[in-house]
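Rule-based calculations on the coordinates, nothing more; no lab input. Keep in mind that this is a model prediction, so the values were computed, not measured. Here the Cβ is made from the backbone with ideal geometry for all residues, glycine too, and neighbour counts use every protein chain on show.
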């Protein structure tokens, strides 16, 4: 099968907000390609530029530089002065507030994209019925829009975005206004819907668990810069950047200097305050480079007695052990470091216990200590 | 338990006081309109003859028609000007628009009587500057414009009233969730389609309520009909009421019948308005995070909008202010010329400042303005606290009662108060105290709006934190509630002191020699044909207004921070 082409291409996107002295650089050369049919997530803390990037794709913001193309058609190019207005782009969008027009009924809201094209009445009616069935709202055609619950409003917003069969669906934090249970439900519905009609979808969120659960690919953004792109599994298990490791889930970082490493992905050695540790480099590292080891709390087995015949064993004292049902969440003091460790609930641990932590080299990701290139220090609060 | 008692006491006291201010005049007006003889005279009986006389007069229907024509014309023209400016400043990339936002509000600080006078001085067929200049330039036989016509009246009213539309429509533009429009764009509609199908329908309730409130203001207006309409023999309700009382002998019964009719019209309007705005609130959609207004890139057209905005500013501010200033420095009224320029003098100011009544008028206006603004804000803050923060039964009634005077045109309130104080054995008729009571009654609705709006924003927990920290109720009110209330309090105070200083339509029926105020003095000087003196007085009035607004702002800011 031929390789899937890229549905959306973004090159070196630049955007500033404000004027003169209050000018803020919000997008600093963001480039990414979104494969056809994938559910692609922009993930990052608020102010990272994810929504702005999405709005640039929609044409609701005009970038200050770069190029965007959708389905092979250039919709924005700063050099060539190309700018296709929002209404001429092959997109459908779901807004954070859903933006359901309160002066129209459900059917009128959903039919809108077809109505303004003056399609025949019969066709519109049929399409509305079809698309409402897809989102599970059949029978609510004549309900006034303000009389809908949050979940229903969202389904209407989806139906409205889908009815015109756009090439790309843009979802701007569509789940953030729902309560927790509905959020999880809608999350799997969105995923299932996207699979079923295999429409290229860009999903913006600041919620990492949402991103992990729903995405084919995630683009992690921070401070107007694209940090890293990968599948949820890749990003969680083998992050290449320090920001990704800390932003996605919980992790322990141990600082040090690379002693030996080769380019074949075989274990390397790093000198830390806790001695020499083995690790797997998840990206290219050089000898003598400042680096960190990232290891997740659930990947650290905790032993009462010192395990024999293995590398990377640290001795520590339990400072805190909180029973969570499915695990003990422990804080273990190793020297003056405090490591988070999640253990199996059957192993009982108490504060004050002396324990041994086995940092399996396969779980120790070696990353460059500094991924601040191109990111303002002020925006990296950690 | 003691706190509950003090709350109840405040509630009962406030209800009684508000009832006295707003309810008694209403009752007395209705009562007076069905009495056969003037107030105070013995042998009066209940009768419908006043209404018969009013309604079976053929003139009544011209009156009604004129009033409606005038109201509709005013509201249409103010709406056009105000909405255009609001749209330019909120939704376009017109250059210098921030400056226009401030400048468009200037007509607000110019008292209505002065703005009316300035337009007569500009557009009168005989002495109007514009007429004289255009006539000379184009070598016309007669004056091209005539202010003494229905259109002249509508123009003079609209160019003064539009800042209200501007403010309301700006808020409407700003409060609209822009993602509603963006959703239409992403759904494939053009800017124009989006405007017609989404923006316009969503704005419709706001637009309708703005039109309605301007219609009511047009029907209630007094300055323009009195100064332009009376000489032009174009009668509306307000001037008819005024003339019924000012003729000799006064026909209080007839004035009462007309006043009740006018009151019925404006009350209907206010009730519809209240209905719409309540529905509008329900119409409001859930919005997400803060959004920036969607600004339309006008391209080259932005210079056109800039030009139009400047033209409005020129007509609404520069021309009237110029003509007032110019006339205040010349010995007799005329077109600016080298000859007249050489005769420029401070004589008008000298005359005003030595006019026997001027000092009294300045003092009265100042005391009334400061006094009514302060008392209204104190009273309404207390009422707002009861209606917003307590769960006492009867608080909704109090809230509604405080709003009653908004439906009373100034001239109607004047008629009612004549009846009240000529009938009740309270000897304040003809003193400054009756004016003070009138002002408090009239401006109470504005005060309660400002006070409740800021009271709602004060989170209950802020007060509770003070109470749990050991503060008494009074300390909490003084240390927490009042400082937090200060910005709203100041804003309300400035607004009321300004409209109090320029108040004419109520005062004109209630003043006596010793309780003359500035706007009355201007009215009398104008009636006496002393144009240049009026202008000097007007300039001084505007300066006083600016100084008061400025001081209040400074003071308010200091108190808010200091505590």
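Just to verify a number: FRET efficiency for residue B:551 and residue B:350, C-beta to C-beta distance, R0 = 45 Å, to 0.05? Given R0 = 45 Å and the Cβ-Cβ separation, E is 0.95.
Where does each of A:227-236, A:329-338 land if you order them by average Cβ count within 10 Å, highest first? Intermediate results must be reported in sequence, preceding the final value.
Working: A:227-236: 18.5, A:329-338: 16.3.
The densest-packed peptide leads the list: A:227-236, A:329-338.
Once both labels are positioned 7 Å from their Cα atoms along Cα-to-Cβ, the gap between residue A:209 and residue B:431 label points is 7.3 nm. Computed over the stretch A:262-382, the alpha-carbon pair-distance distribution with 5 angstrom bins reads 2, 11, 19, 19, 17, 14, 10, 6, 2, 0, each value a whole percent. Peptide B:196-203 shows a mean partner chain C-beta count of 3 within 10 Å per residue C-beta. Remark: the residue B:423-residue B:200 segment gains 75.1 nm on full extension, using 0.36 nm per residue and subtracting the alpha carbon distance. The mean count of C-beta atoms from other chains within 10 Å of the C-beta of residues in A:339-349, rounded to a whole number, is 0. Here the calculated FRET efficiency for residue A:74 and residue A:198, from their Cβ-Cβ distance with R0 = 30 Å, stands at 0.80, rounded to the nearest 0.05.
Separation of the stretch B:394-460 and the stretch A:318-352, taken as the distance between their Cα centroids, equals 69 angstrom.
Any chance you could run the full-extension gain for residue B:315 through residue B:482? It's 0.36 nm times the residue separation minus the Cα-Cα distance, nm to one decimal.
On the way: separation 167, 0.36 × 167 = 60.12 nm, distance 4.12 nm.
So the chain would gain 56.0 nm between residue B:315 and residue B:482.
At the listed q of 0.18, 0.22 Å⁻¹, the Debye profile of the stretch B:376-506, built from one uniform point per Cα, gives log10 I(q)/I(0) equal to -0.99, -1.25.
For the protein assembly as shown, the Stokes-Einstein estimate of translational diffusion at 4 °C and a viscosity of 1.567 mPa s comes to 38 µm²/s, using the Kirkwood hydrodynamic radius over alpha-carbon pairs. Each peptide among B:83-91, B:455-463 gets the average number of other Cβ atoms lying within 10 Å of its residues, and from highest to lowest they stand as B:83-91, B:455-463.
Multiplying the residue separation of residue B:16 and residue B:527 by 0.36 nm and removing their Cα-Cα distance gives an extension gain of 179.9 nm.
With both partners inside the stretch A:6-237, how many of the DSSP beta bridges are antiparallel, as a percent to the nearest 5? Spell out each step's value before the answer.
Details: 26 of 44 bridges.
Given both bridge residues lie in the stretch A:6-237, the antiparallel proportion sits at roughly 60 percent.
Helical content alone sets the calculated 222 nm signal of chain B at -23000 deg cm²/dmol, taking -39,500 (n - 2.57) per DSSP H segment of four or more residues and averaging over every residue.
Please report the equivalent ellipsoid semi-axes of the stretch A:203-333, computed as sqrt(5 x eigenvalue) of the Cα gyration tensor, largest first, in whole Å. Provide the component values of the computation, followed by the final result.
Details: eigenvalues 143, 101, 30 Å².
For the stretch A:203-333, the ellipsoid semi-axes come out as 27, 22, 12 Å.
Helices in chain A, meaning DSSP H runs of at least 4 residues, each add -39500 (n - 2.57). Divided by all residues, the mean residue ellipticity at 222 nm is -6500 deg cm²/dmol. Along its three principal directions, the equivalent ellipsoid of the stretch B:19-107 from the Cα gyration tensor extends over semi-axes of 47, 19, 9 Å, largest first.
The modelled label-to-label distance between residue B:337 and residue B:61, using points 7 Å beyond Cα along the C-beta direction, is 5.0 nm.
Take each residue of peptide A:87-96, count the partner chain Cβ atoms within 10 Å of its Cβ, and average: the result is 5. When Rg and the Kirkwood Rh are both derived from Cα coordinates, the Rg/Rh ratio for the stretch B:64-195 amounts to 1.11. Classify the stretch A:6-237: rounded, prolate or oblate, from the alpha-carbon gyration tensor (a ≥ b ≥ c, eigenvalue square roots; a/c under 1.5 rounded; otherwise prolate if a/b is larger than b/c)? Since a/c reaches 1.5 and a/b is larger than b/c, the shape of the stretch A:6-237 is classed as prolate.
Using a Förster radius of 45 Å, what is the FRET efficiency between residue B:99 and residue B:208 based on their Cβ-Cβ separation? Nearest 0.05, please.
About 0.90, to the nearest 0.05.
DSSP beta bridges confined to the protein assembly as shown are antiparallel in about 75 percent of cases. At what distance in angstrom do the alpha carbon centres of the stretch A:143-166 and the stretch A:357-371 lie from each other? Cα centroid of the stretch A:143-166 versus Cα centroid of the stretch A:357-371: 46 Å apart.
Which of the peptides B:162-173, B:214-225 is most tightly packed, and how do the rest follow, going by the mean number of other Cβ atoms within 10 Å of each residue? Don't jump to the answer; show the numbers that get you there.
Numbers: B:162-173: 21.3, B:214-225: 25.8.
Averaged packing, sorted descending, gives the order B:214-225, B:162-173.
Taking A:11, A:22, A:260 as the candidate residues, the one with maximal mean-square fluctuation in a Gaussian network model of chain A, Cα springs under 10 Å, is A:22. Where the alpha-carbon atoms of the stretch B:309-468 are placed on the principal axes, they occupy 73, 48, 30 Å, in descending order.
Here the ratio of the Cα radius of gyration of the stretch A:285-350 to 2.2 N^0.38 Å is 1.26.
Rounded to the nearest whole Å³, what is the per residue volume of the convex hull around the Cα atoms of chain B?
Values: hull volume 106.8 nm³, N = 563.
Hull volume over Cα atoms, normalised by residue count, gives 190 Å³.
The stretch B:141-205 and the stretch B:475-495 have Cα centres lying 34 Å from one another.
Orientation-averaged projection of the stretch A:79-214 equals 9.6 nm² [convex hull of Cα atoms, one quarter of hull surface area]. Each label point was placed 7 Å from the Cα along the Cα-to-Cβ direction; for residue B:272 and residue A:23 their separation is 5.2 nm. For the stretch B:129-276, the percent of C-alpha pairs falling in each 10 Å distance bin, counted from 0 to the bin holding the largest distance, reads 10, 24, 25, 20, 15, 5, 1, 0.
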